[in-house]
Amino acid sequence: MAEMIADTFGDDIKKTTGIDILQLESNGSSDGEDDGGVKVTVGKHLSDRMTVKYAVETKDGEITQRAITEYKLLEHILVSGFQDTKGVYGSELVFRIEFR
């Protein structure tokens, strides 16, 4: 359901608000049932190399907020750092291949 809303209204919301990234995901369980959890991510490309994202997720009745930054070192390598409201923080070195 969340994906359908994002597909239907996503471009209009991005154009109106000026954000570059809008992702809506529903958290389904492994047996196919939906536990009612939703994750919403919004973000902005600050430059060709820097992206900032903010995510809010509900899971098992808890709300978690996460701030994420991504910096593109090379064409296929980026560094990502994050921190959330539960005190979890970390970073990743990501190798990304895009197929067009």
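Nothing in this text is a laboratory measurement; each read-out follows from the coordinates by a stated rule. Quick caveat: nothing in here was measured; it's all calculated off a predicted structure.
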Those lysines that a straight Cα-Cα span of less than 22 Å connects to Lys39, excepting residues fewer than 8 apart in one chain: Lys14, Lys15, Lys53, Lys59, Lys86
Calculated SAXS-style log₁₀ I(q)/I(0) at q = 0.11, 0.12, 0.19, 0.22 Å⁻¹ - the chain, Debye, Cα scatterers: -0.41, -0.49, -1.12, -1.25
Note, ³J(HN,Hα) from phi for the stretch 90-97, Karplus 6.51, -1.76, 1.60, rounded to Hz, x at Gly and Pro: x, 9, 9, 10, 10, 9, 10, 10
Gained length - Ile21 relative to Thr8, 0.36 nm times residue gap less alpha-carbon distance: 3.2 nm
Taking N as its residue count, the alpha carbon Rg of the stretch 50-100 over 2.2 N^0.38 Å: 1.35
